[in-house]
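Bear in mind these aren't lab numbers, they're just calculated from the coordinates by the rules spelled out. Quick caveat: nothing in here was measured; it's all calculated off a predicted structure. Note that each Cβ is placed from the backbone with ideal geometry, even for glycine, and that neighbours are counted across all protein chains shown.
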Amino acid sequence: MKTVAASSPGKLLLFGDHAVVYGYPSVVTAVDQRMMVTITESEKDGVMYDVLGSDTRFLDAALHTAQLLWGNISHIAVQTKSQFSEKLGLGSSSAVTVSFLFALSEYLSKPLKPIELFNAAYKAVLFVQGVGSGFDVAAAVYGGTIRYVRGGKEITSIDASGLPLVIGYTGTKADTATIVKDVKKKYENNKEKVKRIFEAIGGLVDQVMPRLVDKDWERVGKFMDFNQEYLRDLGVSSEKLEALILAAKNAGALGAKLSGAGGGDCMIALVTNDIRRSVEGAIEKAGGQVIRHASSGAEGVRVEP
Ligand code: PMV
């Protein structure tokens, strides 16, 4: 029986959260926690799922997109397996979409260029979510650390290897679509103020780029703190995020911020190796869950043996 498996990484937004939805640049890194999709030939008609949970919306949208590209697809069984919980906000939806489309393209021997895969997966994700800049899709496809502009207008690899991050989960899953819509309301009600925040965040992305390449983590950490201040002004942080961020900073983190929509999910702290343990301990003491074995700059989508 023919079988093909593909996996792609999760993601973390390092800089540019929310502003990226409005066309400002962002920096995203792929994390080494992968989502795998296996396709196996089946005697049965149609497409059968053997998946985690009951939510197949992203697989359905990916399948629909694939059928628009390659015609009817049948006689396959689809299985998913993840190294990370969908609750963490590490991008399981985009990773499953990208892995499935990539696995299908390999299974059908219809190779896609990375940008074609990005476009197809972004379309599928947008169909389900209605909102989103696509940064998570870019991380799943390309991996590494990327300077990213909405819709894939810019996807530029940055060599930020070795970025020493600690990831703290708040224990609450964020409702990204609702928070993005709330920010939109704020933008419409107070355009000048919110635009100023986005411009500041965009400017910060431009300034931090060379620091990332130079691995000047102290300066990168300061930019993280600035970014967090802007996100606070935007009103998307939460008490729990603030508690974990404060704990990390008090334990000596070079910088700390929420990552993504806010309201919950994960925060990130930039550390040096000598303080990693104490920052992790402080986050746990403040009630957070440290996500270990999730190094940054992970490889993008790939076929698995
Ligand atoms: O909540 P997450 O991890 O999916 O991140 C959302 C990031 C936003 O900038 C708020 C939205 C987006 O699609 O870029």
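A few remarks follow.
- Ratio of Rg to Rh over region 191-255 (Cα coordinates, Kirkwood Rh, two decimals): 1.01
- Among S94, S85, S109, S7, the ranking by other beta carbons within 10 Å of each residue's beta carbon, starting with the fewest, stands as S109, S85, S7, S94.
- Reference-scaled alpha-carbon Rg (2.2 N^0.38 Å with N residues) for the chain: 0.99
- Comparing region 184-294 with the 2.2 N^0.38 Å rule of thumb, its C-alpha radius of gyration ratio is 1.11 (two decimals).
- Using θ = phi - 60° and Karplus 6.51 cos²θ - 1.76 cosθ + 1.60, couplings along region 142-155 (whole Hz; Gly, Pro as x): 8, x, x, 10, 10, 8, 10, 10, 2, x, x, 4, 9, 9
- Distance (nanometres) between label positions extended 7 Å along Cα→Cβ at Q289 and K181: 2.7 nm
- Note on region 1-16 and region 27-57: Cα centroid distance 10 Å, given to the nearest whole angstrom.
- Selected from D216, D206, D274 as most flexible by GNM, with the chain as the system and alpha-carbon contacts under 10 Å: D274
- Most mobile listed residue (Y49, Y122, Y148) in the chain, GNM with C-alpha springs under 10 Å: Y49
- Rounded to the nearest whole angstrom, the semi-axes of the ellipsoid equivalent to region 52-121, taken from the Cα gyration tensor as √(5λ), stand at 21, 14, 10, largest first.
- FRET efficiency for the pair T156 and E229, taken as 1/(1 + (r/R0)^6) with r the Cβ-Cβ distance and R0 = 25 Å, rounds to 0.45.
- The label point for R277 and the one for H64, both projected 7 Å from the Cα toward the Cβ, are 5.2 nm apart.
- The GNM of the chain, with springs linking C-alpha atoms under 10 angstrom apart, assigns the highest mean-square fluctuation among D182, D225, D265 to D182.
- Paired Rg and Dmax values of region 87-147, which use every Cα atom, in angstrom: 11.3, 34
- Radius of gyration over Kirkwood radius for region 1-68, both on Cα atoms: the Rg/Rh ratio is 1.09.
- Every helix of 4 or more DSSP H residues in the chain counts as -39500 (n - 2.57), and over all residues that averages to -14000 deg cm²/dmol at 222 nm.
- Euclidean distance of C-alpha centroids, region 217-291 and region 172-204, integer Å: 20 Å
- One quarter of the surface of the convex hull around the alpha-carbon atoms of region 1-121 equals 8.0 nm², the direction-averaged projected area.
- Counting every other Cβ atom within 10 Å of each residue's Cβ, W217, W70 order from fewest to most as W70, W217.
- Here each label is just a point 7 Å from Cα along the line to Cβ, and for I115 and M1 those points are 3.9 nm apart.
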